[in-house]
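Structure, as structure tokens:
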Amino acid sequence: MLDVEKLLKDIGGYGDYRANALDYQRFDDGSLHMIPFQFELEFFWYNKSLFQRAGVAVPKTLDDLPTTCRALRAAGITPIAVDGKDQWPLERYVAYQPFRATGPDYVQELKRGEARFGDVTGQRTVAWMSALGEADCFQEGFSAQGYADAQNLFTSGKAAMYNIGTWELPSLATDDLDTAVRDDIDFFTLPTVPNAATAANEYVVSSGIGMAVNSTTFDPLVRDFLEFALARYPSEYAATGALSPTTNVTTTIPANATPLYRKAIDQANDLGTNLAMPWDTQLDPTSNTRLQQELVLLVQGDITPAEFTSTMDETIARNAPKFFE
């Protein structure tokens, strides 16, 4: 894989890239071998009308979320729509407590078996995930419902919250959204925790699946093509209404956008340096698959926090050393 940092500096485009977009692509040693083509921010989208009906406010801390769910349930409202079938959306939640409490390094240690779910930080997130399940935060039968199901549940006004990224702006912040809920949709960023190690403007920010360049077939022709393509791509991409991984272009707000579209795009101008990395990009494949399966069981109440902890610590201890050796 070609040294992408050297390539971007060589063709003169490195300084145009958002630091967060490049950092998302870096390997653990800080090296950069992937070119980002996206830039996405992940929020909790919510329905203001449903919150008002239940008499709840935007959660200030992560620990407020189960309480908010109970109040919404008491008002006959599904608290959170989640794509449980694909598993990665639920896995986002397990990363939140460790990121807020101790910063982005916890998952780096966990994935190598240097930290454990049995540790204080791990137990904090296990207990919180269990609490989300006990508070009935997710829709009934969530584990069998897919991406479109979760999206439809929220956009139809039947669920109060939906944790998803800015790639969903065309569905959530344009006149394609049903007029019955269009003016009720807003978003909040990842709630914090007391004595948090990360700032409020630090949360899940991703730059997609980067592109690698084969160093053995790299030649002047490939270099010229990349210089041309990477110079043209940001403006073409931004014209579609998407956030570019570079700062040298301005996103075109669609003509049918609601004010929420601009509000979401503008959040990219106020971001910290720490990234809440999605854990499915960090753990070894075997441990990640097991984590996704066990999280569903934990949230459904089919296993106890202690059983979850034991299973996951054993799984990571068995698989991490041979993957990260």
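The values are calculated or read from the model by the stated rules, or taken from the named source; none is laboratory data. Keep in mind that what you see is a predicted model, and the values were worked out from it rather than measured. Please note: Cβ atoms are built from the backbone with ideal geometry, for glycine as well, and neighbour counts cover all protein chains shown.
For the range 238-250, residues that are farther than 18 Å from ASN20 by Cα and surrounded by 16 or more Cβ atoms within 10 Å (Cβ to Cβ) total 1.
For the range 56-83, which residues satisfy the criterion of being crowded, with 17+ Cβ neighbours inside 10 Å and either in contact with a Pro (Cβ under 7 Å, 6 or more places away or on another chain) or hydroxyl-bearing (Ser, Thr, Tyr) (or both)? Within the range 56-83, PRO59, LEU62, LEU65, THR68, CYS69, LEU72, THR78, VAL82, ASP83 meet the criteria.
Would you say ARG73 is basic (Lys, Arg), touching an Asp or Glu at 6+ places or on another chain (Cβ under 7 Å) and modelled with pLDDT of 95 or more? Taking the combined requirement at face value, the residue satisfies it. Within the range 290-325, the residues that satisfy the criterion of being surrounded by fewer than 15 Cβ atoms within 10 Å (Cβ to Cβ), under 20 Å from LYS85 (Cα atoms) and not acidic (Asp, Glu) are GLN293, GLN300, GLY301. Residues of the range 174-191 that are among the polar types (S, T, N, Q) and either at pLDDT below 95 or more than 25 Å from TYR203 (Cβ to Cβ) (or both): THR179 alone. Only residues that are assigned to a helix (DSSP H, G or I) and among the polar types (S, T, N, Q) were counted in the range 230-240, giving 1.
When residues in the range 144-167 are screened for being of a type outside the set (A, V, I, L, M), without any contact (Cβ under 8 Å) to a residue 40 or more places away in the chain and surrounded by fewer than 20 Cβ atoms within 10 Å (Cβ to Cβ), 2 of them pass. With respect to (1) of a type in the set (Gly, Ala, Ser); (2) within 30 Å of ALA131 (Cβ to Cβ); (3) more than 16 Å from the chain's Cα centre (by Cα), the lone exception for ALA264 is condition (3).
Only one of the numbered conditions (1) crowded, with 20+ Cβ neighbours inside 10 Å; (2) within 25 Å of VAL56 (Cα to Cα) is not met by LYS111, and that is (2). I want to confirm something. Restricting to the range 23-37 and keeping residues that are part of a loop (DSSP other than H, G, I, E, B) and of a type in the set (Phe, Trp, Tyr), which single residue is nearest to ALA229 (Cα to Cα)? Among those that are part of a loop (DSSP other than H, G, I, E, B) and of a type in the set (Phe, Trp, Tyr), it is PHE37. Among the residues of the range 174-229, those identified as assigned to a helix (DSSP H, G or I), closer than 24 Å to MET161 by Cα and of a type in the set (Asp, Glu) are ASP183, ASP184. Listed here are the helices (runs of 4 or more DSSP H) enclosed by the range 56-123 that have at least 1 residues being among the acidic types (Asp, Glu): 64-74, 88-94, 106-110. Quick check, is PHE39 over 20 Å from the mean Cα position of the chain (by Cα) and in contact (Cβ under 8 Å) with a residue 12 or more places away in the chain? So PHE39 fails the test.
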